Structures are given as C-alpha cells and as structure tokens.
Amino acid sequence: SRSVSMSVSRVCGVVVFVLITASMPSGLSAQDVDKPIADVLGRIPAGNAAERAELKLALTGLGQAGMERLCRMLVEPGTGDDTNVRMALHALTFVAAEPKAEKTRKDFTAAVAKVLASDAIPAAKEFLIQQLQLVGGPDIVPVLAPSLADLSLCKPAVEALVAIEGDAARTALRNALGSTTGDTRVPVIDALGTLRDVESVKPLLAD
C-alpha cells in the first residue's frame, strides 16, 4: 500500500544517509555535506556506463561553489578516510577535461584556485595540483605559478607546468627564478631545461 511504500522509501533514505555519512572524512558532520555533494558521494564508485553518466551530471551540477566545498573535504593522510572525496574529484577532473565541458573546466579551475590560495592543508593542495595537471591549458598557469615558491608544493606545480608546456608555462617558470631559492629553485631550473627555454639561459648563468 501507499503507507508501506512510504515507509520503505524512508528506510532507504536513512540507509543512503548512513552510508554517505560513514564515507565522510572524520571531522565533518552531516550538516557539512549539502544535498548535491551527498548525491555525488553516494554515486561513488560508478560501476557501469549508466552510473558514470549519472555521476557526471551530479558533478557538473555542483557548480563552482559546490566544487570548492568538495575540495575542502580533503583531509590530512592518516587523520580520516577521504577516499570517496578523492575519487569524486578525480572523476571531476576527467569531466572537466572533455572538449565540450568548458564551463565545468572553468568552475573547477576557479574552485581549486581558491583552495590553493587558502590555508588548506598541503596534502590537499598537492592532490588538487595533480588534478589540474590532467586538465591542462595555459589558462591554468596563473593558478599554479604561486605554488612554485612553496617548498611543499613546488614539485607538483613544476610537473604540472612541464606537462602543460607552451609559452605561458615557460614564462611562469622563468619568472619564478626571482622568487625561488634552494630546494624550490632546483626543480624550476630543471623544468626550464626540460622545456628548452632559451630565454632563461642568461639568468641561469649566475647559478
């Protein structure tokens, strides 16, 4: 009957809520996860084509603000389980990299840029930089450039810029020569060599 159907529906809703809550990183309460993000996390992992298509819609529906909230759910390794969050962000990276997903790409890039400029933990920032590397494009270079002077983020930022290549990446690395020293300067120099940046030869002679 209708009452039985409504009871089953409520039970199923409770089960889904419990599963999503159990998969959240420690330190986050259910109130910290809004419905769109809960919907995304509830679809991880996506096992078949239909589930992947539904996950894609859920991810694109987050918008920049939702993507930023998802990024901020990353936790320090060893302090909680953020596996589903990482899987969702990795899936979002591939969605954003699709040829006709420019809006999603811009939303994701803007969301990551805000997190990188915040006091988020280095482990979260490193993971997000690695995701940006997969998205690629010269417009991402300004988001990555500030991390070149950060000892904990220099290596992944350099790797991302080398993967992106192009004049914008070379210029960012060349400009970083004036703000990097020691352990942050070495990977920058190595990257400029890998990219065969002729314009950096003169400033590098001092090294």
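The values are calculated or read from the model by the stated rules, or taken from the named source; none is laboratory data. None of the values given here were measured: they were computed from a predicted structure. No Cβ is skipped: glycine too gets one built from the backbone with ideal geometry, and neighbour counts run over all protein chains shown. These area figures cover heavy atoms from the full protein model, side chains too; ligands, DNA and RNA do not enter into them. Shrake-Rupley method; radii C 1.70, N 1.55, O 1.52, S 1.80 Å.
Quick notes
- THR79 being open to solvent by 10 Å² or more (accessible area, probe 1.4 Å) and of a type in the set (Ser, Thr, Tyr): yes
- Spans of helices (runs of 4 or more DSSP H) in region 88-166 with at least 1 residues under 26 Å from GLY47 (Cα atoms): 102-116, 122-135
- Yes/no for THR109 being polar (S, T, N, Q) and either in contact with a strand residue (DSSP E or B) (Cβ under 8 Å, 6 or more places away or on another chain) or over 24 Å from LEU92 (Cβ atoms) (or both): no
- Just one of the numbered conditions (1) among the basic types (Lys, Arg); (2) open to solvent by 60 Å² or more (accessible area, probe 1.4 Å); (3) under 24 Å from PRO187 (Cβ atoms) is not true of LYS125: (2).
- GLU76 vs. criteria assigned to a helix (DSSP H, G or I), among the charged types (D, E, K, R) and farther than 24 Å from ALA53 by Cβ: no
- Test result for ALA176, over 20 Å from CYS71 (Cα atoms), open to solvent by 30 Å² or more (accessible area, probe 1.4 Å), part of a helix (DSSP H, G or I) and at pLDDT 90 or above: no
- Here LEU134 meets the list (1) open to solvent by 50 Å² or more (accessible area, probe 1.4 Å); (2) of a type outside the set (Gly, Ala, Ser); (3) touching a Ser or Thr at 6+ places or on another chain (Cβ under 9 Å); (4) at pLDDT 95 or above almost entirely, failing just condition (4).
- Test for ALA157: is it of a type in the set (Gly, Ala, Ser), open to solvent by 10 Å² or more (accessible area, probe 1.4 Å) and either touching a residue at least 12 places away in the same chain (Cβ under 8 Å) or in contact with a strand residue (DSSP E or B) (Cβ under 9 Å, 6 or more places away or on another chain) (or both): no
- Among the residues of region 55-71, just one is surrounded by 19 or more Cβ atoms within 10 Å (Cβ to Cβ) and part of a loop (DSSP other than H, G, I, E, B), namely LEU62.
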